[in-house]
Each structure stands twice: as structure tokens, then as C-alpha cells.
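J.: Here it is, the structure, as C-alpha cells.
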Amino acid sequence: QVQLVESGGGLVQTGGSLRLTCAVSGSTFAIGTVAWHRQGPGKERELVASVTRNTSPSYADAVKGRFTISRDNTKNMVFLQMNRLNPEDTGAYYCAAARRWDSSESYVYWGQGIQVTVSS
């Protein structure tokens, strides 16, 4: 059993910052890459950032240089630091995890999602 719970969302003004937290519980040893996705109003879900088990990060072009993903495997937590937010960052943010040792890195575990709203 694996559970992911997001926290840290909310309403911020343009240019502000938020830090999202994904708490992983259950069979945490089975978790590999963890990613943040988001879905804005009327938009498709998109991958925002991901971080491997050994903390190697990847970012979507839209957030590169503004967002930082990190993880603490000891605490079983993954973070997304979001800086210089703009209204295009508004959406529901989801934490998702792939199985460890799965080369496909498909995301099979998902959190419930949290809302991030950036006012103009």
C-alpha cells in the first residue's frame, strides 16, 4: 500500500511563492521517481517536475528556473518550491509516484490533488 497526500496549496498573488509537500506513506521502499503534475482550468494535465530516487530533477520548460523539486527519502517527503508564480501556474496540483526499479517510470500512485491559485 502506498499513499500520497499533498499539502501547501492556496491563493497567492502574482510573483509570490508557495511550497507544496507530498507526504508518502505505506510501502515507501517501493517508490521510485516522484513527480508533480498540474491541470489548469480547461487545460490538459501536464507534468511539471519530477525527481528520481537519487534526487535527479527534471522540469517542464514552463517552470524551469522558477520551480525546484526535491525529496527527502528519510522523511518520505517530496517538495515543490514554486517561485515567481503567475496566473498560468493556477491549477490542481497532483503528486504522483512510479514504482522503484520500474524502467518505464510510469506513475501508478497518485495523490488527491491540491489547488493552487495565482491572482493577477
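The values are calculated or read from the model by the stated rules, or taken from the named source; none is laboratory data. What you see is a predicted model, and the numbers here were worked out from it, not measured in a lab. Backbone-built Cβ (ideal geometry, glycine too); neighbour counts: all protein chains shown. Note: accessible area is taken over every heavy atom of the protein model, side chains too, but ligands, DNA and RNA are not part of it. Shrake-Rupley method; radii C 1.70, N 1.55, O 1.52, S 1.80 Å.
J.: When only residues in the stretch 103-120 that are among the aliphatic types (A, V, I, L, M) and in contact with a Lys or Arg (Cβ under 9 Å, 6 or more places away or on another chain) count, which is surrounded by the fewest Cβ atoms within 10 Å (Cβ to Cβ)?
T.: Restricting to residues being among the aliphatic types (A, V, I, L, M) and in contact with a Lys or Arg (Cβ under 9 Å, 6 or more places away or on another chain), the top hit is VAL108.
J.: A further question follows. Restricted to the stretch 24-35, and to residues that are more than 11 Å from the chain's Cα centre (by Cα) and either charged (D, E, K, R) or closer than 14 Å to MET77 by Cβ (or both), which residue is least open to solvent (accessible area, probe 1.4 Å)?
T.: ILE31
J.: Which of the following residues is open to solvent by 60 Å² or more (accessible area, probe 1.4 Å) and modelled with pLDDT under 95: ARG45, ARG100?
T.: ARG100
J.: Another question, then. How do the pairs read when you match residues in the stretch 107-120 that are part of a loop (DSSP other than H, G, I, E, B) with residues anywhere that are of a type outside the set (D, E, K, R) and open to solvent by less than 50 Å² (accessible area, probe 1.4 Å), using Cβ under 6 Å and keeping only pairs 6 or more apart or on different chains?
T.: Partner pairs satisfying both residue conditions: GLY111/LEU4; GLY111/CYS95; GLY113/ALA92.
J.: I want to confirm something. Restricting to the stretch 42-65 and keeping residues that are out of contact with any Lys or Arg (no Cβ under 8 Å at 6 or more places or on another chain) and of a type in the set (A, V, I, L, M), which single residue is nearest to PHE79 (Cα to Cα)?
T.: Going through the qualifying residues, I end up with ALA49.
J.: Only one of these is closer than 17 Å to TYR107 by Cα and open to solvent by less than 70 Å² (accessible area, probe 1.4 Å): ARG66, ARG53, ARG38. Name it.
T.: ARG38
J.: Which number in (1) hydrophobic (A, V, I, L, M, F, W, C); (2) surrounded by 13 or more Cβ atoms within 10 Å (Cβ to Cβ); (3) outside any loop (DSSP other than H, G, I, E, B) marks the one condition that LEU11 misses?
T.: Condition (2) is where LEU11 drops out.
J.: Scan the stretch 46-65 and report the pairs whose first residue is closer than 23 Å to ALA30 by Cβ and part of a loop (DSSP other than H, G, I, E, B) and whose second residue is open to solvent by less than 60 Å² (accessible area, probe 1.4 Å) and not acidic (Asp, Glu), with Cβ atoms within less than 8 Å and a gap of 6+ or a chain change.
T.: Taking only residues 6 or more apart or on different chains, the pairs are THR52/GLY32; THR52/THR33; ARG53/ILE31; ARG53/GLY32; ARG53/THR33; ARG53/ASN73; THR55/SER70; THR55/ARG71.
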